[in-house]
Structures are given as C-alpha cells and as structure tokens.
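A.B. asks: The following block contains the structure, expressed as structure tokens.
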Amino acid sequence: MIDASVPITQDLLTIPRKMSAGITNLVGLSREELRAALVNAGTTEKQAKMRAGQIWQWIYQKGVREFEQMTNLAKDYRIFLASNFTISIPEIVSKQISVDGTRKYLLRIAGGHEVETVYIPEKDRGTLCISSQVGCTLTCSFCHTGTQKLVRNLTAAEIIGQVMLARDDLGEWPEAGVKNPPNQARLLSNIVLMGMGEPLYNFENVRDAMKIAMDPEGISLSRRRITLSTSGVVPEIARTATEIGCLLAISFHATTDEVRNKLVPINKRWNLEVLLDALREYPKVSNSERITFEYVMLKGVNDTDEDAYRLVELIQGIPAKVNLIPFNPWPGAPYERSSNNRIRAFSEIVYQAGYASPVRKPRGEDIFAACGQLKSATERARKSRKEIIAETGLG
Ligand code: SAH
Ligand code: SF4
C-alpha cells in the first residue's frame with residue numbers, strides 16, 4: 001500500500017557540471033563523459049580517447065590536481081586543459097581526530113553547504129564512511145541526520161571527492177612511477193555509504209562515483225570493499241545489484257511493520273514483506289556473498305528475545321549477517337541504548353540460529369562521529385523535536 005504522506009521524492013537543486021566561467025570540473029565524469037568533454041573543447045576525436053585515459057590516471061591513480069603536473073602531455077595541451085577544465089573536490093573546513101584515531105572531516109561544497117565524512121582506522125585496514133546527500137528526506141526517528149531537512153543531493157564529484165580528500169589527508173597517493181598498493185595493504189581499503197543521506201535517493205551520482213572508485217586504472221577498490229547502506233528504497237535495490245554490484249547493507253531495525261513504521265518510516269511505503277522479497281534477489285543478481293542487516297539496539301523498543309527470534313525467522317534463506325548497532329545518542333533523541341547484557345542476549349539468539357551477529361563498536365564518540373550522529377552543526381534548516389515526533393507517530 002502506498003502512503004502518500006511519506007516523503008519519497010525530493011525537489012533537488014542540481015549543480016551544473018559547467019561552472020559560470022565555462023570551466024568544467026573533470027572529477028566525477030565517467031571515462032566516456034571525460035572523453036566527450038575533451039572533444040567538446042576542441043580535442044580531435046582521434047586523440048581524445050588516449051588523452052582521456054592519461055588524464056584519468058593522473059587524477060585517480062596519482063592524485064594530481066594541476067594540469068601542469070601531467071608530464072606525459074605536451075605543454076601546449078596542458079595549457080589548453082587548464083583554460084577549459086578544473087580538477088576540483090570539496091574543501092575541508094575542519095578535521096577532528098578522536099582518541100581512537102577516527103577522523104571526522106567537515107567539508108564545504110558548492111552553495112556553501114556542509115557535509116561530513118569519517119575515516120575509521122582498523123588494525124590492518126581502514127574504512128571511509130561517506131555521505132551522499134546534505135541532510136536526508138527520510139525521518140528515521142533515531143537518526144540525527146533525519147532531523148535535518150534535505151538540502152540537496154551530492155554530485156558524483158562531491159561523492160568521489162570525499163575519497164580523494166581522505167587519501168590526500170592520509171598521504172595515500174603513490175609516488176611518481178609507483179603503482180597503487182593492492183587493496184589489502186591500504187589505509188583506505190573500504191568504503192561504506194553510511195554517512196549523511198539515503199544513497200538510493202541519489203542513485204545515478206552514487207553509482208557514477210562508485211564506478212570511479214572501482215575502476216582498475218584509478219583508485220581501484222574491489223566492489224566487495226564497498227558497502228551501500230539503504231533504509232529500504234525497494235525499486236532501487238535491484239538496480240544496485242545490476243548497475244553497481246557492491247555489497248548491500250539494509251537498515252532493518254525492527255521485526256514488525258508496526259515498530260518499523262515508527263523507526264524507519266519508509267516502511268509505510270515498502271513494508272517488511274516487500275523489502276524482504278527484494279533482498280532475497282540481491283545476492284543472486286549481484287553475485288555477492290551476503291547482505292548485512294543493520295539493527296540499532298533501542299532500549300525497550302526493538303530489543304527483546306522475541307524480536308531476535310522473529311528476526312531470524314524473517315531473514316531465513318537469505319545469506320546474511322546481522323550487525324547490531326548500540327544506539328548512539330544525540331541531543332534531544334527520544335531513545336536510549338539497550339544495556340550490554342540485552343545486546344549480548346540478542347546477539348546470542350541470532351548467532352545460535354546460524355548468523356554472524358557482531359556488535360558494532362562505536363567509533364569516534366568523543367568527536368561525535370559515530371553512526372547516525374552526523375549532521376552539519378551550521379545547517380539552519382532544522383526540524384524541531386515536535387516535528388520529528390509528529391512525523392513518526394511516536395509519543
Ligand atoms: N541512509 C542510509 C545510510 C545511513 S547511516 C541508511 O539509512 O541505511 C548507517 C546506519 O546507521 C544505518 O543503519 C542507520 O540506520 C544507523 N543509524 C542512524 N542513526 C543511528 C544512531 N543514532 N545510532 C546508531 N545507529 C544509527
Ligand atoms: Fe536518512 Fe539513513 Fe538517517 Fe534514515 S537512517 S534518516 S535514511 S540517513
């Protein structure tokens with residue numbers, strides 16, 4: 001059943017590729033778009049393919065931002081490029097580093113908006129949590145981003161730009177003449193689309209950016225090291241499998257429609273049954289091993305033994321792992337985190353049913369960088385607590 005009161009589309013301000021001075025940003029273009037842009041500016045068809053390949057490598061394999069440094073191109077051609085194009089990524093406004101090593105970047109993007117990106121170092125790898133929108137149209141009642149109105153979708157350049165600027169900050173572009181290390185030897189070895197926004201409401205830009213991240217001539221991350229998290233935009237789940245092919249995480253969070261309608265209101269549009277049908281198809285179509293079911297642990301709301309039993313029943317037959325996320329509080333949040341004992345008991349039931357059930361360790365809590373806490377502090381278009389409660393039917 002379709003509930004028209006659930007906001008599922010957005011009026012979006014799209015940032016044009018061409019900037020006012022007729023300068024096109026090359027970041028975020030697909031290889032084909034890059035080639036076409038060169039031709040448009042006057043490069044011959046014959047030369048364009050090769051030039052596009054060379055420029056691509058400079059930008060995504062070596063991290064170069066100045067055409068002047070593209071030394072395998074003729075000097076005149078570099079001048080031509082500089083007068084027609086730019087290589088621009090979002091600007092870092094501030095960087096905070098947690099006692100546990102987590103880094104949170106506040107970025108400024110066109111229009112003066114701000115988004116956050118978080119880098120989480122682990123023992124022999126590191127995960128970058130990137131944003132796909134400024135704010136979010138959805139209103140999950142436990143999520144801080146959900147209290148911020150959507151301002152706009154990020155462009156593909158702004159999405160892949162987050163990966164590029166984190167590599168800048170980590171010093172992870174290879175020296176001249178050296179190839180990128182294999183995925184397993186990298187500081188930034190994994191990407192999760194778990195920052196601000198609903199990635200499947202910005203499908204094309206997310207897809208284009210992830211294609212760039214996966215391109216073997218560039219950043220070259222395996223599709224199995226990229227995880228897209230969605231609240232359950234069912235029609236786009238099949239497209240994610242066929243057009244991106246990355247791993248999928250689903251913000252499940254409840255085992256009955258009644259509770260999920262309150263926690264993840266998009267459930268009123270696509271309920272548990274419809275969602276689970278779409279998920280059953282995903283691993284086959286994307287040829288990926290298993291789906292991650294994210295489950296936020298909220299005291300007295302979704303954390304009983306019965307919930308755990310219902311959960312394993314619902315996901316039966318789907319290759320899955322269940323990631324339990326202790327609720328991360330934010331000012332004015334209408335929930336509390338379940339106790340450690342409760343989380344352990346829940347995890348045990350899921351585990352006994354044959355599913356891995358790790359409890360996600362909150363990272364960067366001291367800098368407010370944990371899951372669901374991101375929200376640009378300077379953003380003025382805020383919803384009041386009253387509005388949130390009214391929208392979700394809580395209270
Ligand atoms: N919009 C996408 C990506 C979001 S964030 C989505 O909803 O899936 C990544 C995960 O953090 C999601 O599972 C989200 O539900 C969860 N999350 C949001 N707020 C949280 C909070 N305060 N505490 C713990 N997890 C939270
Ligand atoms: Fe948006 Fe995801 Fe937060 Fe829900 S959990 S409000 S979909 S960012």
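A.B. asks: Checking the structure you have, find out if any residue of the range 197-204 is in the same structural domain as Leu311 (by TED's automatic domain parsing) and more than 15 Å from ligand 2 (Cβ to nearest atom).
C.D. replies: Yes, the range 197-204 has at least one match.
A.B. asks: Looking at Ala254, Ala213 in this structure, which one is open to solvent by less than 10 Å² (accessible area, probe 1.4 Å), touching a residue at least 40 places away in the same chain (Cβ under 8 Å) and within 30 Å of Gln54 (Cβ to Cβ)? Lay out the reasoning, then the answer.
C.D. replies: Numbers: Ala254 fails: within 30 Å of Gln54 (Cβ to Cβ).
Only one candidate qualifies: Ala213.
A.B. asks: Of these, Glu91, Glu158, which one is in contact with a Lys or Arg (Cβ under 6 Å, 6 or more places away or on another chain), open to solvent by 10 Å² or more (accessible area, probe 1.4 Å) and more than 16 Å from ligand 1 (Cβ to nearest atom)?
C.D. replies: Only one candidate qualifies: Glu91.
A.B. asks: Taking the conditions exactly as written (open to solvent by less than 20 Å² (accessible area, probe 1.4 Å), at pLDDT below 95, over 27 Å from Val264 (Cα atoms) and not basic (Lys, Arg)), does Ser141 satisfy them or not?
C.D. replies: Answer is no for this residue.
A.B. asks: So, one more: Mind checking which residues of the range 184-196 are within 16 Å of ligand 2 (Cβ to nearest atom) and either surrounded by fewer than 24 Cβ atoms within 10 Å (Cβ to Cβ) or closer than 14 Å to Ala369 by Cα (or both)?
C.D. replies: Val192, Met194, Gly195, Met196
A.B. asks: I'd like the full set of residues that are closer than 23 Å to Ser98 by Cα and open to solvent by less than 40 Å² (accessible area, probe 1.4 Å), limited to the range 333-361.
C.D. replies: Ala333
A.B. asks: Residues in the range 266-294 that are part of a helix (DSSP H, G or I), open to solvent by less than 60 Å² (accessible area, probe 1.4 Å) and either among the aliphatic types (A, V, I, L, M) or not assigned by TED's automatic domain parsing to the domain that holds Leu314 (or both): how many?
C.D. replies: Matching residues across the range 266-294 total 6.
A.B. asks: Oh, and also: Go through (1) under 18 Å from the mean Cα position of the chain (by Cα); (2) within 12 Å of ligand 1 (Cβ to nearest atom) for Val234 and report which single condition fails.
C.D. replies: The failed condition is (2).
A.B. asks: Are any residues in the range 307-345 within 16 Å of ligand 2 (Cβ to nearest atom) and of a type in the set (Gly, Ala, Ser), and if so, which ones?
C.D. replies: Gly332, Ala333
A.B. asks: Considering only the range 300-345, how many residues are part of a loop (DSSP other than H, G, I, E, B) and of a type outside the set (Val, Ile, Thr)?
C.D. replies: Applying the first criterion (part of a loop (DSSP other than H, G, I, E, B)) to the range 300-345 yields 300-304, 315-319, 327-336, 338-339.
Filter once more, keeping what is of a type outside the set (Val, Ile, Thr): 300, 302-303, 316-317, 319, 327-336, 338-339.
Going through the range 300-345 one residue at a time, the tally reaches 18.
The values are calculated or read from the model by the stated rules, or taken from the named source; none is laboratory data. No experiment lies behind these values; they were computed from the predicted model shown. All Cβ positions, even for glycine, are placed from backbone atoms using ideal geometry, and neighbour counts span all protein chains on display. Calculation scope for accessible area: heavy atoms of the full protein, side chains included, ligands and nucleic acids excluded. Shrake-Rupley method; radii C 1.70, N 1.55, O 1.52, S 1.80 Å.
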